[in-house]
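Following: one structure in structure tokens, then a few remarks.
The values are calculated or read from the model by the stated rules, or taken from the named source; none is laboratory data. Since the model is a prediction, treat every value here as computed from it, not as a measurement. Cβ coordinates were reconstructed from backbone atoms using ideal geometry, including for glycine residues, and neighbour counts include every protein chain displayed. Accessible surface areas use protein heavy atoms only, side chains included; no ligands, DNA or RNA. Shrake-Rupley method; radii C 1.70, N 1.55, O 1.52, S 1.80 Å.
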Amino acid sequence: MAATAHADPAPTAEEIHRTLAVAFDPDFYRAVYTDIPPEMDALWHYRVQGWREARDPAAWFSVAAYLADNPDVAARDAEPLHHFLTVGRREGRDIAGSPHALRYLEQVGWAPPWTPAGLEPRRRPEAAGAAPAPTAAPAISLDEARAAVSTAFDAAFYLAHNPDVAAAGMDPLEHFLVTGWREGRDPCAAFSVHDYLETYPDVAKSGLNPFAHYLVAGRAEGRQARHDLGFRYDVIARLTPVGERIAQSAAASARLVATPAARLTERLGQLGDLHITFSHDDYIAHSGGLQLCVRREGAAFRERGVAHLHLHPAAPWSAVRTAGEPGPLGVMLNGQPVGVFEAATVRAGLADATRAPARRSFAIHSLLGHDPDETADLLDAAGLREGFFWLHDFASLCVGVHLLRNDVADCGAPAADSPACGVCAYGPHRARHTEAHRRLFERLSLTVISPAEATLAFWRARTDLAARDAVVLPHATLAPRRGGLKAAGEGPFRVVFAGMPAPLKGWPVFRELAQRFAGDPRYEFHHLGGRSDPAAPARFQTVVVTEAEPLAMQAALEALAPDAALVWPLCRETFSFTAYEAAAAGAAVITWPDSGNVAAFAAEAGRGLVLADEAALFAAFESGEILALSRAKRRPRLCDLRYSRMTADVVAEAGA
């Protein structure tokens, strides 16, 4: 029987958040509910939305059971865990473990971080081989932690690296103190929560805020604020196992609720001329180079009176699907979402909608999230077998689509039985992709389209997939403007990074370059992109390429008039819009050999410079050798970018 409700005054939102943070387990919450965006604060999601959806905050507590056993709490619309912690526990109310959570624990052998009886925090295991700390971690109250942290906390850095906190309007310092550090979020560029807790298990065991401990005691004891092992170490340390990513995608897909089939039948009707595309996501809802390509392709076909049907996995996948794995498809018609449907429903709908003869074609831009046989069956329903396969990445060679060994070093796609594959996180899963693409090429007659000669040559040398044909069609070409010489600007040599500050795109290299030469009057550093990184001493300007402003980056680059653009991706780029946009604006492209088509593009006469590695890059700036790329010496010509219409150009050339 439920106990009588305790008449306490209503707590504030801040009080609720602080109380919940004590018992909420963000690791458990994210592992069970994989649909939560990685940039969103897990506790914030639970407070605002999760508990109303009966999502459990920890392995030992069941939201549904507590509300069912305590109808007075349910009637008050009170969040159940906070009620139990502040009221129910005092009143002797029982709690029940979530069956969903307990099944999960049985699978992974996860011990609950909190015991219901005493609510004592879990003791973290000792780090293997870690040396004992000089002294035991001292007790630090929340007020002491706040006083210590507030003096060194970088609010701008925190908000820039945690857009979910900024979007929610939370106070960054308060968020870090209450929940952020528990989620591994760093308070400033100079301190790593992950590194500190990993290095000093006594602090991890204590449950203390690691940054507060460092400021109050650790720094004086000679403890290190972060590993000084380079950004590649950090990337590897945070690499999510491939099998775990696949399991998360499958779980998210299994939770999706399909749209009634009648909706698909109604929207498709009887289709005449039709072009079908496949990719890894909704090209309208997400932005990026591939998405812009599909958008241009669809628009080009619609201009010719051809309907555009787009199919993508309704939940994101980082790998192809295999038979038996759940994978409802998102369906879009002429840029508008139709719904989420099982593949069998889409196949039946396509068969009904394409009975009348008409011109039809298809292009596969990405097989991520798709099953090759399912894809071939869908196309068969529309009477299609001959089509096109785009090389936007190297997913046909490995599940590591960027061909980066452990996400940090170009691997060159060696033989699958090579020692190199044996030490890579992607190695055990590589066959998943090669076999799936082999099956796709066996079932369909595919012409491979590459955006660059260098990309096609590399792909041909690394695979024996039986393509019907292969063509090169650049996503864009440079058209010099008449009289378009760009006058040299006065002042220091301007270096720009264009795009999001992501390791994959070489941001840490630019950041270190800017930090090393921040006080050098010869240089000036700029960043154009969607978000800033306060750790880089560079002048930031928000620039986002959208459907409404497809030339936003080129226009911003032209207005800035940089001498050079650092385009230093860790991965082998198949094209690189950034390199072309920079060159069109008159900037020299600085890159390295591992950048794929960027290196091939920069090596062309007058385009830029290909340096051997990062050491050579820093040396070129130190010596001043890089100044030879200044506008005054190169007198670059401005260009316009002429974008292709993607598959529509190939189909038109074939006379289809």
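Some observations on this one:
- Residues that are touching a residue at least 60 places away in the same chain (Cβ under 8 Å) and more than 20 Å from A42 (Cα to Cα) within segment 56-85 comprise D69, N70, P71, D72, V73, R76, listed in sequence order.
- Filter result (under 23 Å from the mean Cα position of the chain (by Cα) and touching a residue at least 24 places away in the same chain (Cβ under 8 Å)) within segment 552-564: M553
- Test result for R321, among the charged types (D, E, K, R), under 30 Å from G506 (Cα atoms), touching a Gly at 6+ places or on another chain (Cβ under 8 Å) and surrounded by 17 or more Cβ atoms within 10 Å (Cβ to Cβ): yes
- For beta carbons closer than 6 Å, sequence separation of 6+ or different chains, a first residue in segment 531-548 that is within 14 Å of A156 (Cβ to Cβ) and a second that is assigned to a strand (DSSP E or B), the qualifying pairs are S532/F540; A538/F525; A538/H526; A538/H527; F540/H527.
- Flag for R572 being open to solvent by 50 Å² or more (accessible area, probe 1.4 Å) and either free of Cβ contacts under 8 Å to residues at least 60 places away in the same chain or within 30 Å of D282 (Cα to Cα) (or both): yes
- Test: A300 is farther than 28 Å from G530 by Cβ, surrounded by 18 or more Cβ atoms within 10 Å (Cβ to Cβ) and modelled with pLDDT of 95 or more: no
- Segment 358-399 - residue that is of a type in the set (K, R) and touching a strand residue (DSSP E or B) at 6+ places or on another chain (Cβ under 7 Å) and, of those, least open to solvent (accessible area, probe 1.4 Å): R360
- Verdict on L333 being touching a helix residue (DSSP H, G or I) at 6+ places or on another chain (Cβ under 8 Å), among the aliphatic types (A, V, I, L, M), in contact (Cβ under 8 Å) with a residue 12 or more places away in the chain and under 25 Å from A467 (Cβ atoms): no
- Check on A498, touching a Ser or Thr at 6+ places or on another chain (Cβ under 7 Å) and either over 30 Å from S361 (Cα atoms) or not charged (D, E, K, R) (or both): yes
- Helices (runs of 4 or more DSSP H) enclosed by segment 226-273 - at least 2 residues per element that are surrounded by 15 or more Cβ atoms within 10 Å (Cβ to Cβ) and at pLDDT below 90: 231-237
- Pick from segment 628-651, criterion open to solvent by 50 Å² or more (accessible area, probe 1.4 Å) and in a helix (DSSP H, G or I), ranking: nearest to F510 (Cα to Cα): A628
Conditions (1) among the aliphatic types (A, V, I, L, M); (2) open to solvent by 10 Å² or more (accessible area, probe 1.4 Å), marked per residue:
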site	(1), (2)
A559	yes, yes
T578	no, yes
G586	no, no
A603	yes, yes
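- Positions within segment 152-182 being small (G, A, S) and touching a residue at least 12 places away in the same chain (Cβ under 8 Å), in sequence order: A152, A155, A156, A160, A168, G180
- Applying the criterion of being touching a helix residue (DSSP H, G or I) at 6+ places or on another chain (Cβ under 8 Å) and among the polar types (S, T, N, Q) to the residues of segment 529-557, the residue that is least open to solvent (accessible area, probe 1.4 Å) is Q554.
- Residue list for segment 465-483, restricted to those being farther than 21 Å from F601 by Cα and either modelled with pLDDT of 95 or more or of a type in the set (S, T, N, Q) (or both): L465, A467, R468, D469
- Among (1) free of Cβ contacts under 8 Å to residues at least 60 places away in the same chain; (2) closer than 30 Å to W459 by Cβ, the one test that L478 misses: (1)
- L350 vs. criteria more than 22 Å from P241 (Cα to Cα) and open to solvent by less than 10 Å² (accessible area, probe 1.4 Å): yes
- Residue check, S361 in contact with a Ser or Thr (Cβ under 6 Å, 6 or more places away or on another chain), modelled with pLDDT of 95 or more and among the hydroxyl-bearing types (S, T, Y): no
- Residues that are in contact with a helix residue (DSSP H, G or I) (Cβ under 7 Å, 6 or more places away or on another chain), farther than 29 Å from G324 by Cβ and not in a helix (DSSP H, G or I), drawn from segment 448-466: I449, S450, A452
- Residues located in segment 484-506, provided they are in contact with a Phe, Trp or Tyr (Cβ under 7 Å, 6 or more places away or on another chain) and either within 16 Å of I626 (Cβ to Cβ) or modelled with pLDDT of 95 or more (or both): P492, F493, V495, F497, G506
- Tally of residues being closer than 16 Å to A237 by Cβ, open to solvent by less than 20 Å² (accessible area, probe 1.4 Å) and either modelled with pLDDT under 90 or assigned to a loop (DSSP other than H, G, I, E, B) (or both) across segment 171-196: 2
- Boolean, S361 is touching a Lys or Arg at 6+ places or on another chain (Cβ under 7 Å), touching a residue at least 24 places away in the same chain (Cβ under 8 Å) and of a type in the set (S, T, N, Q): no
- Among helices (runs of 4 or more DSSP H) entirely within segment 365-447, having at least 3 residues that are touching a residue at least 60 places away in the same chain (Cβ under 8 Å) and out of contact with any Asp or Glu (no Cβ under 6 Å at 6 or more places or on another chain) singles out 372-381, 430-443.
- Those residues of segment 202-222 which are more than 30 Å from the chain's Cα centre (by Cα), open to solvent by 10 Å² or more (accessible area, probe 1.4 Å) and on the phi < 0 side of the Ramachandran plot, in sequence order: D202, K205, S206, L208, Y214, L215, V216, A217, R219, A220, E221
- Residue that is nearest to M553 (Cα to Cα), among those in segment 500-519 that are of a type outside the set (A, V, I, L, M, F, W, C) and open to solvent by 30 Å² or more (accessible area, probe 1.4 Å): K505
- Helices (runs of 4 or more DSSP H) within segment 1-112 that include 3 or more residues on the phi < 0 side of the Ramachandran plot, hydrophobic (A, V, I, L, M, F, W, C) and at pLDDT 75 or above: 13-23, 26-32, 42-48, 63-69, 71-75
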